[in-house]
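Take a look at the structure set out below.
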Amino acid sequence: MVVAASLFVPGFATAQTAINIFQRSVALGLVSIGQTFVIIGGSLDLSVAATISTISVITAVLMDNKTENMVWATLAALAMGAVIGAVNGTLVTRFKINAFIATLGSGLILQGILFSNVDNYAGKVPEPFQGLAYAEALGIPLGVFVLIAIVLLAWVILRYTRFGYHLYAVGGNESIARLSGVRTGRVLLGAHILAGIGAALAAIILIARLRAGGPRVGDGFDLDSIAAVVVGGALLSGGRGSVWGTLAGVLIVSVLSTIFNYLDVGAFAQDVIRGVVLIAVVALYSYRARR
């Protein structure tokens with residue numbers, strides 16, 4: 001796709017385009033890594049879009065353009081993400097509500113509360129905090145290093161910890177995992193908390209980029225993050241997936257979005273093409289799995 005775009009899209013094959021793709025990938029990558037945990041566990045989180053928007057507004061208001069507020073407001077954002085994830089996980093594991101309904105419902109509640117109180121950008125982040133989005137090291141945006149660090153941490157969790165091993169077991173077959181002594185509820189609850197933290201990290205990056213919080217900054221991240229995880233090779237039914245696959249999926253989605261911008265493709269056509277690509281990839285995986 002990159003080679004074809006370089007040959008046929010004027011102005012695509014530049015260093016600035018590559019930087020733009022990496023910058024575009026940071027926020028989506030962070031929320032997609034969190035989404036990877038819940039999907040591997042056989043669950044789903046459709047509340048991430050509303051979570052990102054809500055946390056962005058509250059965190060920007062808490063910072064209030066004051067440098068001394070940066071640290072505790074950032075910690076508060078991560079705590080909010082963990083709490084929202086814990087609520088989602090409790091609804092799914094304790095009350096046995098389908099993850100699709102539970103997270104969609106919690107997202108709608110957050111969205112309703114947010115829209116009833118905020119109708120435009122709110123708050124302001126101090127200038128040093130904006131460096132998280134605009135500063136570069138070795139010509140690479142600082143946010144990319146944050147994404148790489150989170151990817152490595154997530155890979156270690158999934159590859160080398162008991163939680164990661166149990167998460168794959170729960171996603172593969174929850175009943176067998178429970179009979180094997182795995183506390184499936186706790187594992188899924190942990191996965192949802194990590195998804196909430198991933199959404200909070202995305203919100204932190206976005207307010208650094210936008211210099212303020214907004215009630216719609218999270219729009220689209222729910223479906224885009226799920227698409228990135230699935231394109232990266234994860235099964236929506238759970239039990240299979242990896243952070244490296246998700247990272248590849250995020251880059252594919254970002255490259256696709258960048259090509260759309262160069263070609264000035266309309267929003268409706270973008271959704272259609274994304275849908276076609278997603279269906280084609282899932283169909284390819286299904287075909288390979290049957291062989």
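The values are calculated or read from the model by the stated rules, or taken from the named source; none is laboratory data. Computed from a prediction, not measured in an experiment: that's the story for all the values here. Using ideal geometry, Cβ is built from the backbone for each residue, glycine included, and neighbour counts are taken over all protein chains shown. To get the accessible areas, we keep the full protein, side chains included, count just its heavy atoms, and leave off ligands, DNA and RNA. Shrake-Rupley method; radii C 1.70, N 1.55, O 1.52, S 1.80 Å.
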Quiz prompt | Residue tally, condition open to solvent by less than 10 Å² (accessible area, probe 1.4 Å), out of contact with any Leu (no Cβ under 7 Å at 6 or more places or on another chain) and among the aliphatic types (A, V, I, L, M), over the stretch 217-230 | solution = 1
Quiz item: Could you say whether any residue in the stretch 250-269 is surrounded by fewer than 20 Cβ atoms within 10 Å (Cβ to Cβ), modelled with pLDDT of 85 or more and farther than 27 Å from F12 by Cα?
Solution: no
Quiz item: Given the residues L167, L188, L142, which is the only one that is crowded, with 16+ Cβ neighbours inside 10 Å and more than 19 Å from I39 (Cβ to Cβ)?
Solution: L142
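Restricting to the stretch 110-126, give me the number of residues that are touching a residue at least 40 places away in the same chain (Cβ under 8 Å), loosely packed, with under 15 Cβ neighbours inside 10 Å and either in a helix (DSSP H, G or I) or hydrophobic (A, V, I, L, M, F, W, C) (or both).
Of the residues in the stretch 110-126, 2 are touching a residue at least 40 places away in the same chain (Cβ under 8 Å), loosely packed, with under 15 Cβ neighbours inside 10 Å and either in a helix (DSSP H, G or I) or hydrophobic (A, V, I, L, M, F, W, C) (or both).
Between S32, S53, S47, which is among the small types (G, A, S), in contact with a Pro (Cβ under 6 Å, 6 or more places away or on another chain) and modelled with pLDDT of 95 or more?
The unique qualifying residue is S53.
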Quiz item: For W155, which of the numbered conditions (1) under 18 Å from A234 (Cβ atoms); (2) without any contact (Cβ under 8 Å) to a residue 12 or more places away in the chain fails to hold?
Solution: (2)
Exercise. Could you tell me which of the residues V217, V231, V250 is closer than 30 Å to L284 by Cα and in contact (Cβ under 8 Å) with a residue 60 or more places away in the chain?
Key: V250
Quiz item: If we keep just the residues of the stretch 2-14 that are assigned to a helix (DSSP H, G or I) and in contact with a helix residue (DSSP H, G or I) (Cβ under 7 Å, 6 or more places away or on another chain), which is least open to solvent (accessible area, probe 1.4 Å)?
Solution: A5
Quiz item: Which residue, of I19, I58, is modelled with pLDDT under 95, more than 14 Å from the chain's Cα centre (by Cα) and open to solvent by 20 Å² or more (accessible area, probe 1.4 Å)?
Solution: I19
Practice problem: Could you list all residues from the stretch 231-244 that are open to solvent by 10 Å² or more (accessible area, probe 1.4 Å) and either out of contact with any Ser or Thr (no Cβ under 9 Å at 6 or more places or on another chain) or more than 22 Å from L104 (Cβ to Cβ) (or both)? | Solution: G232, G233, L235, L236, S237, G239, R240, S242, W244
Quiz item: Is it the case that the stretch 127-136 has a residue that's more than 29 Å from Q16 (Cβ to Cβ) and either under 21 Å from the mean Cα position of the chain (by Cα) or open to solvent by 60 Å² or more (accessible area, probe 1.4 Å) (or both)?
Solution: no
Quiz item: E174 fails exactly one of the following numbered conditions: (1) in contact with a helix residue (DSSP H, G or I) (Cβ under 6 Å, 6 or more places away or on another chain); (2) open to solvent by 60 Å² or more (accessible area, probe 1.4 Å); (3) without any contact (Cβ under 8 Å) to a residue 24 or more places away in the chain. What is the number of that condition?
Solution: (3)
Quiz item: Would you pick out the residues in the stretch 92-106 that are surrounded by 20 or more Cβ atoms within 10 Å (Cβ to Cβ) and either closer than 10 Å to I193 by Cα or not hydroxyl-bearing (S, T, Y) (or both)?
Solution: V92, A99, A102
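Per-residue answers, yes or no, for (1) in contact (Cβ under 8 Å) with a residue 12 or more places away in the chain; (2) open to solvent by less than 10 Å² (accessible area, probe 1.4 Å):
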{"position": "I40", "(1), (2)": "yes, yes"}
{"position": "S53", "(1), (2)": "yes, yes"}
{"position": "N65", "(1), (2)": "yes, no"}
{"position": "E68", "(1), (2)": "no, no"}
{"position": "I84", "(1), (2)": "yes, no"}
{"position": "N88", "(1), (2)": "yes, yes"}
Quiz item: Do we have any residue at all in the stretch 197-216 that's within 18 Å of R162 (Cβ to Cβ) and either open to solvent by 30 Å² or more (accessible area, probe 1.4 Å) or touching a helix residue (DSSP H, G or I) at 6+ places or on another chain (Cβ under 9 Å) (or both)?
Solution: no
